[in-house]
Amino acid sequence: MKGFKLILSLSALIALHFSEAKAQSGYAEDALRFSQFGSTGTARINALGGTGNSLGGDISNIHNNPAGLGFYQNSEFSFTAAYSDWNAGTTLLNQTENFNATNFSIPNLGVVISKAKTPLEVGDWRGGSFGISINRQATYNNDFGYFSNQLDQGSILDFYVEDYNNYGVPGGTDGLFFDAFLINPVDDGYDYVPNATLALEKMEKVENEGSMSEINFSYGGNYKNKLFLGASLGINSVSFRSTKTYNEEFFDDNNQTTLFSSLQENLYLSGTGVNVGLGVIYKPVDQLNVGLNFKSPTWYQINEEYDADIFADFFPAYQDPEFGSISESDAQTDLYVSSYNLRSPMRLGGGLTYFFGKNGFITADVNYLDYSSANIRSNAFNPEMDNQDINNLYGQTINYSLGGEFRFDMFRLRAGYAYYGDPIANPGNTDRSTNQISGGVGVKLSGFSIDFGLVNSKFNGYYSSYPGSDLAVIDNNRTTGMLTLGFSF
């Protein structure tokens, strides 16, 4: 059943920086998609570059470092709304197409119930806080595509003619070109229809949507106001839908259409997963926090559905020796349904926060991930090749972020920077790392706070429609504005 994802897997997931050298089954692409993360949580934490390994007292500690819940002295409810704008400029053979997608979301909703001791209560254990939050870990809503009319740029038919002649006609998506009479038997093998000429225009559009969210249950405790310990349980849900439409149009010497074909593929993924987290924050002196954070792998069960169809128009009609005159054709696959288990990488993080009295602080995080440790298991197919692809394609990354907050009376001014490393082990001349800058303002009142954050992320993606096709480069620029309202009680 794995063959049905061949073409889809042969293209990269640009939004998440997938490689030009792709896995042949597509599940390695899924492993990366559901393993990457960026800055998440409240507007305050996002404005600080997503830092949170050593900074306590924020709702974002529920899903980041739960030890930070030990800093709470009062209970709190927090609500965050966000609006994002994602621009993707795709360049293929010096021709650029621009796409834009917008999205409104509620990326964070949480509550902390504090059970901290009052200053007059005795005991080294100073109590702690429970937290529950719903947090969006990733957003997949984006569109991209390209158009090219360069001469001698090559057709997808060239690839499949060679493939059919070497291995015969396969089933699934790969066999649709045969079923639609675009590739046909000849005396010495297979060839495409005479309507396919050298003058060719091709275009593709990819429309993605979906998200990865986590419901988290956490507790953080306080020992002597020096050592803060925490643990969390996360329940993840993922949803991803992709529609890809690939068109080719051939022309004669008079610029009249001789052949038009369109291949559409539909993929839907959904699933749930579970993980656990442990955290510690230590204050060697009052001005300094040192944090360590561990997030286990997330163990997912993923369900998938896939289908594809193709249609073609012939000008003039194609004369088939067996079926006669064919002016149009269409073919489609069955709806394929499957499931598999995915184990994403664990995450290790550390951080430092230094306070300048009541004037503010600076904070920094470092996080380590090994994307090659992801693993696929399934009773529906043999995942051995997929796991080999994961081990060969992906590598280790060090992600880091830096942020600062300046305080003046009830006002807050924040800025941050984050870098997310390229997950590909041997990227060659390509770079899929992400650079993120952020900033924000806030107002802190007794019992109420309001924060605004603005985050801009830039990264490149790389995409090829089929083996041997020219490589498209996608310049991604995503800007997100966030507003958080917090209520203490």
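For residue 197, the residues whose amide H sits under 5 Å from its own are 251, ignoring neighbours fewer than 5 places away on the same chain, with H placed 1.01 Å from N.
Every Cα-Cα pair of the chain was included, and the share exceeding 28 Å stands at 56 percent.
Rolling a 1.4 angstrom probe over region 133-287 with all protein chains present gives an accessible area of which 51% lies on carbon and sulfur atoms. Here the Karplus curve 6.51 cos²θ - 1.76 cosθ + 1.60, taken at θ = phi - 60°, turns the phi angles of region 200-214 into couplings of 9, 10, 9, 8, 8, 10, 10, 10, 10, 8, x, 6, 10, 10, 9 Hz, with x standing for Gly and Pro.
The order of the peptides 262-273, 86-97 by mean Cβ neighbours within 10 Å, most packed first, is 262-273, 86-97.
Rg ratio for region 303-429: its Cα radius of gyration over 2.2 N^0.38 Å, N being its residue count, equals 1.93. In the P(r) worked out for region 61-174, what percent of Cα pairs fall beyond 18 Å? Of all Cα-Cα distances in region 61-174, 72 percent exceed 18 Å. For the pair residue 431 and residue 120 in one chain, pulling the backbone fully straight at 0.36 nm per residue adds 106.3 nm over the alpha carbon distance.
Each Lys and Arg adds +1 at its Cβ and each Asp and Glu adds -1 at its Cβ; summed about the Cα centre, region 368-418 shows a dipole of about 340 debye. With helices as the sole contributors, the chain gives -2000 deg cm²/dmol at 222 nm; each DSSP H run of n ≥ 4 counts as -39500 (n - 2.57), and the sum is divided by every residue. Solvent exposure of region 70-140, expressed per residue, is 49 Å² of accessible area, with all protein chains present and a 1.4 angstrom probe. According to the Cα-based calculation, Rg over Rh for region 120-269 is 1.37, with Rh computed by the Kirkwood formula. Length gained on full extension, residue 268 to residue 255: 0.8 nm, using 0.36 nm per residue less the C-alpha separation. Of the residues 274, 258, 247, the one whose Cα sits farthest toward the positive end of the charge dipole of region 232-292, with +1 on the Cβ of Lys and Arg and -1 on the Cβ of Asp and Glu, is 274.
Couplings for region 234-247, taken from phi via the Karplus curve 6.51 cos²θ - 1.76 cosθ + 1.60 with θ = phi - 60°, read x, 10, 9, 10, 10, 8, 9, 10, 9, 10, 10, 10, 10, 10 Hz in order; Gly and Pro are left as x. Placing +1 on the Cβ of every Lys and Arg and -1 on the Cβ of every Asp and Glu, with no other charges, gives the chain a dipole of roughly 4480 debye about its Cα centre. The angle separating the long axis of helix 156-167 from the principal Cα axis of greatest extent in the chain is about 80 degrees.
The modelled label-to-label distance for the pair residue 359/residue 309, using points 7 Å beyond Cα in the direction of Cβ, is 6.7 nm. Can you tell me the FRET efficiency between residue 341 and residue 73 if r is taken as the Cβ-Cβ distance and R0 is 45 Å, rounded to the nearest 0.05? It comes out at approximately 0.60. The Rg/Rh ratio for region 183-259 is 1.53, where Rg is the radius of gyration of the alpha carbons and Rh is the Kirkwood radius. In order along region 85-102, phi translates into HN-Hα couplings of 10, 10, 9, 10, x, 9, 10, 9, 6, 6, 10, 10, 10, 10, 10, 9, 9, 10 Hz, rounded to whole numbers, per the Karplus curve 6.51 cos²θ - 1.76 cosθ + 1.60 with θ = phi - 60° and x for Gly and Pro.
Here residue 190 sits with roughly 60 square angstrom of accessible surface, probe radius 1.4 Å. In region 247-343, the alpha-carbon atoms span a convex hull of 179 Å³ per residue. Distant-in-sequence amide contacts of residue 127, defined by a placed amide H-H separation under 5 Å and a gap of 5 or more residues or a different chain, comprise 117, 222. Potential lengthening of the chain between residue 388 and residue 446 amounts to 15.3 nm, from the contour at 0.36 nm per residue minus the alpha-carbon distance. Peptide packing for 321-330, 172-181 was compared via the average number of neighbouring C-beta atoms within 10 Å per residue; ordered from the highest value, the list is 172-181, 321-330.
The values are calculated or read from the model by the stated rules, or taken from the named source; none is laboratory data. Computed from a prediction, not measured in an experiment: that's the story for all the values here. All Cβ positions, glycine included, derive from the backbone under ideal geometry; neighbour counts span all protein chains shown. Just the protein is used for accessible areas: all its heavy atoms, side chains included, with ligands, DNA and RNA removed. Shrake-Rupley method; radii C 1.70, N 1.55, O 1.52, S 1.80 Å.
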